[in-house]
Amino acid sequence: MTAIGFLYPGHSAEDDYPRIEMMLAAPDVRLPLVHTDIGTDAHRVDALLEMGSADRLAAGVEELRLAGAEAVVWACTSASFVFGHDGAQEQIRELARTAGLPASSTSFAFAHAVRELGVSRVAVAATYPVDVADLFHDFLKSAGTEVASTRGSGIITAAEVGTWGRAEVLALARAGDHPDAQAVLLPDTALHTAEHLVELERELGKPVLTANQVTVWEGLRLAQRTVRAPRLGALFGG
C-alpha cells in the first residue's frame, strides 16, 4: 500500500483528490488529505505568506503520519511560489524536517512535471490577480522553464475559484494558451480540473498541467511509484 499525504489549504477543490484516487485505478494507492487553516482567503502576497507559514503546515503533519503517509505534499501553488524559489525550497525542507518524510509543494510539482514532459516553453493560465501570476512566472523561470506568456484572471479568493466548472476551466485554458507554448499550466489547487484533463488537452492540442493533477503526480514521484492513468492527461501517460 502506498499512501501519499496532502496538506490542503481550506475548502475549495479538495474533492479532486478522491476523484483522482479513483481515476488512478490503483487499489494500493491512497491519497489522505488534511486541511490547513488558511487565515485570510485572498490571493494577496501578505495573506499567502501567512497561509504558507511553517506553523500552519506543521499543524496537519501528525494526522498524515497517523494515516500512514510515506510522503507529504503542500497542495498549494500560490502560498509556495510567493516565497520565491529559494524561500519555497526552504518551506519544503522545513516541512520534511517536521514530518520526517520526503516533502514537496505544488510549485515544485509543476517544475518537475514540466521536465518530465520534456517541454521547455510553457504558457501560464492563472486564476490569480496579475501581480501574483507574475510571481509564478518568476518562479518557473528560476526553475529553468521558459514562459511564453502569463495570463492572470484577477480572482481574489479560492472560494470563488472553487465554484468554477467545466466552461470556466476551458475558457481559462484557451485564453491563456500561446502558439509558442509546448504545454499550458493552470496553477491553482482551488480549481476543479481532474474531470476535464482529457478535454483540455484535446481542445488545446498539447499537454495541460493543472495544480491538483501535478500535486498527486509529485507525491507518487516522491514515493517512487509510477501509475499510468490516461484520464489524467499526458503527465500520467494519457
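Taken together, the values in this text are just the output of simple stated rules run on the coordinates, not laboratory data. It should be emphasised that the depicted structure is a prediction, and the values quoted were computed from it without experimental measurement. Because the Cβ atoms are built from the backbone with ideal geometry, glycine has one as well, and the counts that use them run over all protein chains shown.
Per residue Cα convex hull volume for the chain, in cubic angstrom?
On the way: hull volume 23.2 nm³, N = 238.
Looking at the chain, the number lands at 97 Å³ per residue.
Calculated from DSSP H runs of 4 or more alone, at -39500 (n - 2.57) each and per residue, what is the 222 nm mean residue ellipticity of the chain, nearest 500?
Working: 12 runs with 107 residues, N = 238.
One gets -12500 deg cm²/dmol as the mean residue ellipticity at 222 nm.
Compute the length gained on full extension between Ala54 and Asp131: take 0.36 nm times their separation in residues and subtract their Cα-Cα distance, giving the result in nm to one decimal. Spell out each step's value before the answer.
Values: separation 77, 0.36 × 77 = 27.72 nm, distance 2.36 nm.
Stretched out fully, the Ala54 to Asp131 stretch lengthens by 25.4 nm.
Relative contact order of the stretch 2-236: what whole-number percent is it, with Cα pairs under 8 angstrom and at least 6 residues apart? Can you show the working numbers first?
Numbers: 499 pairs, mean separation 55.8, N = 235.
Reported as a whole number, the value is 24 percent.
Which of Lys206, Lys141 has the fewest other C-beta atoms within 10 Å, and how do the rest follow up to the most?
Values: Lys206 17, Lys141 12.
So the residues, fewest neighbours to most, are Lys141, Lys206.
Stretch Ala171-Glu62 to full length: gain in nm at 0.36 nm per residue minus the Cα-Cα span? Let's see the in-between values first.
Details: separation 109, 0.36 × 109 = 39.24 nm, distance 3.92 nm.
So the chain would gain 35.3 nm between Ala171 and Glu62.
Which of Val61, Val227, Val114 moves most in a GNM of the chain, Cα contacts under 10 Å?
Val227
Take the alpha carbon atoms of the stretch 139-196, find their center, do the same for the stretch 120-135, and report the distance between the two centers in whole angstrom.
A separation of 7 Å, based on Cα centres.
Whose amide H sits under 5 Å from the amide H of Thr2, counting only residues 5 or more places off or on another chain, with H placed in the peptide plane?
Val29, Arg30
Please rank Thr226, Thr127, fewest neighbouring Cβ atoms within 10 Å first, as an exposure proxy.
Thr226, Thr127
Under the 0.36 nm per residue contour assumption, what length would be gained going from the current alpha-carbon distance of Met1 and Thr163 to full extension?
Values: separation 162, 0.36 × 162 = 58.32 nm, distance 3.33 nm.
Here the answer is 55.0 nm.
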